[in-house]
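Visitor: Mind looking over this structure? Questions follow.
The values are calculated or read from the model by the stated rules, or taken from the named source; none is laboratory data. What you see is a predicted model, and the numbers here were worked out from it, not measured in a lab. Cβ: placed from backbone, ideal geometry, glycine included. Neighbour counts: every protein chain shown. Each accessible area value is taken on the protein alone, full model and side chains, heavy atoms only, with ligands, DNA and RNA left out. Shrake-Rupley method; radii C 1.70, N 1.55, O 1.52, S 1.80 Å.
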Amino acid sequence: MARVAVITAPNIGYRNTGMLTVDLAFESLRRRMGTAVDPTWYTLHAPETVPLRECARGTGLPFRFRSLIEHVDELRDHDAVVFWGDFLHTRHYLAQDATNRLLDFGFAENRAAARALLYRTLLLSEQPDDLLARTLSYGGTILHNTQADYSGSPGSSGHPGDEDKEFGPLFSRLMTGSHRVWMRDPVSAARIALLRGDRTAEYFGSDAALLSRPGDLDHLPTTAWSEDLPEGGAIGVFLGARTRIPAWLPDFCQGLADRFGAPLEWLPWFDRDIPPSVAHIPTRPGDHTIGDLVNVLSRYRLVITDTYHLSVNAWGAGTPAVCVGAPEPVPTTHDDYLTLSDVKKHVFHMSYDAADFYLSTLPDTPESLTHRINRLAHLIEGDGATAITTRIRTHADHSAGAFTETLGALVR
């Protein structure tokens, strides 16, 4: 049986449902692969670093994470290494989120020590070329990398005075030395093609969460919470976690509910209080599991959200998602985490001709909003939304086949 090291972004407490669906998708692929694969899961700091989210406890998830910090040299003992999803190779993630967490949890004494640790674990700075040659990267993104990052200049993604001459060469070494790379968006894919000097390979993969097909996650425990929907369906709403809710949005949500004759209900994708402006939206009673949050998506008539991976998972389940995002701001401080930027949501929808379902938070007129509701209803009641879900599923299935075929050949 082939030994494969799978490296994912840390998801402390399993608080981020979307990141959990990314990790679960590798298990979905493993079950479908013709080649027997024994995965060893690694991350910078385990979910158990903090108490687990209530709805994730007792779920029986198919992985247990080892500390990549403590066991990075174990990677050499594996037949293949897979970097799986997220911003793992972006300068801003390493300089911002990842560094701050290492400092918060006491894994590094200062920013310089954190940087060295991250380059050793996520850019494989101390690993030999032959390990890179059996490394795959799937579902990552480098949307916010800039020339300043590669040139060692302090930029918007760095800390004040934090000039970094190492990132560019180490990033280039990993991306060019890896056996194969698939990025989750076409912009990042085009950059990798230029870096590798290869116009023949396909670098645009889907978001890793989409590689779970409908039904693949049925092994997760569910309850009646996700089964008992109103007749005619409902519209799941989760807002305010990533983007400020504009004043016009609550009425817009109600307008969609009235247009479809489907009630709004709050979907607790993350554990958080419902924002005051949408506090009138009811929450389904009873306790739910992680499996319920995933299972209910295919049962909704529509999802309205500002959260990237909820939108991705809804489309993957065959349910249209209306996604809300702010115009892309210019970061003003090193605390503006670019991993939370709304641009990734917009790029995802544009990649699949789904921009009709992406709403800017900019002010709008009642007439324009009514027109938008009618256009969305026309797409959903006709074949427009179905064309998008089919496009997304076709791409994901093709990409999954390319990845499993490549991994299987690499470890044979």
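Visitor: Using only the Cα atoms, what convex hull volume per residue in Å³ does segment 234-392 have?
Guide: Numbers: hull volume 19.0 nm³, N = 159.
Cα-based convex hull of segment 234-392, divided per residue, equals 119 Å³.
Visitor: Where the Cα atoms of the chain are projected onto their three principal axes, how long is each span, largest first, in whole Å?
Guide: The Cα atoms of the chain stretch 60, 48, 45 Å along their principal axes.
Visitor: What is the extension gain from Gln147 to Asp77, computed as 0.36 nm multiplied by their sequence separation minus the C-alpha to C-alpha distance, in nm to one decimal?
Guide: 21.7 nm
Visitor: Using a 7 Å offset from the Cα along the Cα-to-Cβ direction at both Arg244 and Val187, what is the distance between the two label points in nm, to one decimal?
Guide: Reported label-point gap for Arg244 and Val187 is 2.2 nm.
Visitor: How large is the translational diffusion coefficient of segment 269-331 in µm² per second when you combine the Kirkwood radius over alpha carbon pairs with Stokes-Einstein at 4 °C and 1.567 mPa s?
Guide: Once the numbers are plugged in, D ends up at 97 µm²/s.
Visitor: Please list, by residue number, every one of the GluC sites (Glu not before Pro) in segment 201-277 that is coil in DSSP and has at most 11 other beta-carbon atoms within 10 Å.
Guide: Glu227, Glu231
Visitor: In square angstrom, what is the accessible area per residue of the chain with a 1.4 angstrom probe?
Guide: 40
Visitor: Also, quick follow-up: If you keep only loop residues by DSSP, which trypsin sites (Lys or Arg not before Pro) in segment 15-102 have at most 12 other Cβ atoms within 10 Å of their Cβ?
Guide: Passing sites in segment 15-102 are Arg57, Arg64.
Visitor: How big is the gap, in Å, between the Cα center of segment 106-122 and the Cα center of segment 381-406?
Guide: Taking the Cα centre of each part, segment 106-122 and segment 381-406 sit 38 Å apart.
Visitor: So if R0 is 60 Å, what FRET efficiency would Leu362 and Asp218 give, r being the distance between their Cβ atoms, rounded to the nearest 0.05?
Guide: Details: r = 40 Å, r/R0 = 0.67.
Efficiency computed from Cβ-Cβ geometry: 0.90.
Visitor: On to the next question. Could you list the residues of segment 133-151 with an amide nitrogen less than 20 Å from a label point located 7 Å from the Cα of Arg111 in the Cα-to-C-beta direction?
Guide: Counting backbone N atoms under 20 Å from the label point, the list is 144-151.
Visitor: Find how much the distance from Asp130 to Asn100 grows on full extension, using 0.36 nm per residue of separation minus their present alpha carbon separation; answer in nm with one decimal. Show your work: numbers first, answer last.
Guide: Values: separation 30, 0.36 × 30 = 10.80 nm, distance 3.13 nm.
Going from the current span to full extension adds 7.7 nm.
Visitor: If I compute solvent accessible area with a 1.4 Å probe over the protein chains, what percent of it on the chain is carbon and sulfur?
Guide: Roughly 51 percent of what the probe reaches on the chain is carbon or sulfur.
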